[in-house]
1. From (1) touching a helix residue (DSSP H, G or I) at 6+ places or on another chain (Cβ under 8 Å); (2) exposed (fewer than 15 other Cβ atoms within 10 Å of the Cβ), pick out the condition that doesn't hold for A:V66.
2. For the stretch A:278-309, enumerate the residues that are crowded, with 17+ Cβ neighbours inside 10 Å and not small (G, A, S).
3. Taking the options A:Q130, A:Q138, name whichever one is within 13 Å of chain B (Cβ to nearest Cβ), without any contact (Cβ under 8 Å) to a residue 24 or more places away in the chain and not basic (K, R).
4. Sort through A:T311, A:T292, A:T349 and tell me the only one that's in contact with a strand residue (DSSP E or B) (Cβ under 7 Å, 6 or more places away or on another chain), within 29 Å of A:G267 (Cα to Cα) and modelled with pLDDT of 90 or more.
5. Given the conditions (1) away from chain B (no Cβ under 14 Å); (2) touching a strand residue (DSSP E or B) at 6+ places or on another chain (Cβ under 8 Å); (3) modelled with pLDDT under 90, report the number of the one that A:T191 does not fulfil.
6. Residues of the stretch A:10-26 being over 20 Å from A:T199 (Cβ atoms) and either touching a Ser or Thr at 6+ places or on another chain (Cβ under 7 Å) or polar (S, T, N, Q) (or both), which ones?
7. Which residues, taken from the stretch A:263-278, are modelled with pLDDT of 85 or more and at negative phi?
8. A:L246 fails exactly one of the following numbered conditions: (1) touching a Phe, Trp or Tyr at 6+ places or on another chain (Cβ under 7 Å); (2) farther than 18 Å from A:G36 by Cβ. What is the number of that condition?
Amino acid sequence: MSRLDIQGLHKFYGSMEALKGIDLTVPEGEFCVFVGPSGCGKSTLLRTIAGLEEVTRGTIAIDGEVVNHQRPRDRNIAMVFQNYALYPYLSVFENIAFGLRARKAPEAEVKRRVGEAAEMLGITALLGRQPRQLSGGQRQRVAIGRAVVRDARLFLFDEPLSNLDAQLRDGMRAEIKRLHHEIGKTTIYVTHDQIEAMTLADRIVLLRDGRIEQQGPPLELFEQPKTQFVAGFLGSPQMNFLPVTLEGGAIRLADGQTLPAPPAATGASGPMTLGIRPEHLSRSTGEAGPTTGRLDALIDLVQPTGTRTYTQFRIGDVEVTAELPAHTVERPGARLPLSVDMARTTLFTADGRALGAR
Amino acid sequence: MRLHPERGLGLSLRLVLALAVLVFFLFPIYWLAIIAFKTPEEIFAYPPVWVPENIQFANFLVLFKDGDAETVFNSLFIAGVSTVFAMLLGTMCAYSIARYRTGGNLFSDWIISNRMIPPIVIVFPVFLLFVTLGLVDTYTGLILLYTAFNLPYVIWMMKGYVQDVPLELEEAALVDGLNRWQVFVKVVLPMVRGGLFATAVFTFVFAWNEFIFALILTRNEVTTFPVQVTHYFGGQSNFWAKIAAMSMLGTVPIFIVVAFLQRYLVRGISLGAVKG
C-alpha cells in the first residue's frame, strides 16, 4: 500500500501546456478517480504517474520517494489500458504471468500467483486460451488480472470500461469496486464517465483544461460544487442553469417570475446563474414558502424512463428538465406549477464560482 | 447443396480460365525441369519429347562432379548471411525511426531513395573500392554489398510493420517491467513476425537473383549460381542440359523457402491485440 504525492506538476508538449500545476495527495488505500471532459489532461496525468510521459516541472513521489526520473519498470506500478493491451501471441496464462516473468519470479510463484489472480477474476477456465478467442469482457478481466497478479504499489486504470457495452460495463464496474475492497491497494482510475466516477471513487478529482477544478468525496462535489463547471459535469440529467438577477433577497428570472433567495446568497446581488438539479424540481402542491419557490412552466417534452419521467419545461426562453414520478400524466403544451427546494439550489456568479463556496 | 444452373456454368468457365492461366505460367517451368532429366538425344529430338521415358540424373551428376554445384552453396551462403544481417540491422533502424522519429520525418524517404539508384551507375566505383579494400572475389565483399543494398528496403518495410504495433502493448510491457531492449525483443519482434518473414523472403530473393555485381566482383572463388549459368551459353553452342539442371538447382532452394514461409506472407498476426 502506498501513498502518492504530486506537487506543482506541469507538462508541456512543445508549447502546449497539458497540465498546469497539479497538486494532489492520494492517501494509502484510497480509490481516486480522475474525471473530466476529453482533453482536460486526466490521461496525461495518469501517464506521467506511470512514467510513460516525462514531467516538465514539479514532482511525483510514491511513499515519499520522488520518482520523476525513474523508468516505468522501476516505479513498480500496475496499469490497465483502455484497449486491454494483451499480447496476442501469448496465452492468457502467459499474459497474466508476463509482469512476473519480467521481474524474474520463480516458476512456482508464477504458477501460484497467476492461479490466485485467475481465481479472483473467475477466468481460471480461460488460462489456456489465446486473447483473440475471448470476448471483450473476458479480455478486460485478463488485463485486470495482469495488473493484480503483481505486488504493485499503485494500480492505474486508464478508461478500462469504455470499450465495453453498457450492460457489461455496469457489471465490471461493480467488480472493480469489489476488487479494490479485497486488495485495498491505492488505485487511480481515469474516466470521462461521471457515473463511473461517482460510483467508484473515495475521492473524485475533477480536471478541466489542465487544472484541478475541484476534488473531494463524490457527494461533496455533487452537493457542494465550487463552480458551475463541476455542477454541470456531475449529475444526469444535467443541472438546470437559469440566468437570474439577485436583488434584495429575491431571485428574479428573465421572464419576471421570482423565487426566494437561498441562505448562501445573503449580502450578494447582481446578475447570476441559478443552478437547480432536475430531482429538486417537483410538482407544486401548495403555496410558495420562505424556502420553497414556485414556478409557472410550460411542458415541452415528456420522456418516461420507467423509474422516473424526465419532463422538459419552458420557463421564459430557458429549457428546464425536471425529474418527476414515473406516472406523471401531463401532455406537452400544458402548464404546470413547479416547486423548487431553494436550500438545494446553487447560485453562480458571472465568473462561474458558486456563491458561498468555501 | 444444389448449385444454381447459371452459377454452375459461371463456375466451370472460371475453372477453365484458371486452368489455362496455370498451364501458361507453369509450362515453362515444367519444360525446364524436364530438360534437366533428359538425355542429349531427347533434348534435341524433333518432334519434341513431351514426357521423357527414363528419368536420369546424369546432368546433375556432372554439375556436382565438376564442382559447378558449389556455386549454389555460394549463393545460399551469401544470400542467407546478408539477409540475416539486413533484417537484424534494418529492423532495429526501423524501430528507432518509427518510435523515436530518428532523423526527422524525411529520413526514411531519403533511405528508400537510395534503393532507387540504378545499380549499373555504381558498379564501377564499387569495383574500384573493392579492389582497394581487397574485397573482390570474397564472401565478405558480396555479403556487405547485398546487406547494404537490402537495408533501405528492410527499413522501409519494417517501419510500416512496427508502426502497426499498438503503442499500448509496448507501454504495458514497460510498466510490466521490461526495458526498451526487452520490449523490442519480447513484444515488437513477435508482433511483426509476419512482416519479418515476408520482408526476409524478398530480401533473400534479391540477393539470390543478383547478377551484375556478382559477375563483376567475383572471379572463381565465390561465383554465384546466376553467374555460373551464363557460363553455359557459348559462342558455338549452348549446353542446354547444364543450363536446365543448374537452373533447377537454383530454383529448388527458393521454392523451399517460399513454401516454408508462405503462411507468414499473409498478414493478420496482430489480430486480437486490441479491441476487435
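1. Exception for A:V66: condition (1).
2. Once the filter is applied, which keeps residues that are crowded, with 17+ Cβ neighbours inside 10 Å and not small (G, A, S), the stretch A:278-309 yields A:P278, A:H280, A:L281, A:T292, A:R294, A:L295, A:I299, A:R308, A:T309.
3. A:Q138 is the lone residue from the list that is within 13 Å of chain B (Cβ to nearest Cβ), without any contact (Cβ under 8 Å) to a residue 24 or more places away in the chain and not basic (K, R).
4. Checking each option against the conditions leaves just A:T349.
5. Only one criterion in (1) away from chain B (no Cβ under 14 Å); (2) touching a strand residue (DSSP E or B) at 6+ places or on another chain (Cβ under 8 Å); (3) modelled with pLDDT under 90 is unmet by A:T191, namely (3).
6. A:H10, A:K11, A:F12, A:S15, A:A18, A:L19, A:T25
7. Within the stretch A:263-278, A:S269, A:P271, A:M272, A:T273, A:L274, A:G275, A:I276, A:R277, A:P278 meet the criteria.
8. The single condition A:L246 does not satisfy is (1).
The values are calculated or read from the model by the stated rules, or taken from the named source; none is laboratory data. Predicted model only: the values in this text are computed from it and were never measured. Because the Cβ atoms are built from the backbone with ideal geometry, glycine has one as well, and the counts that use them run over all protein chains shown.
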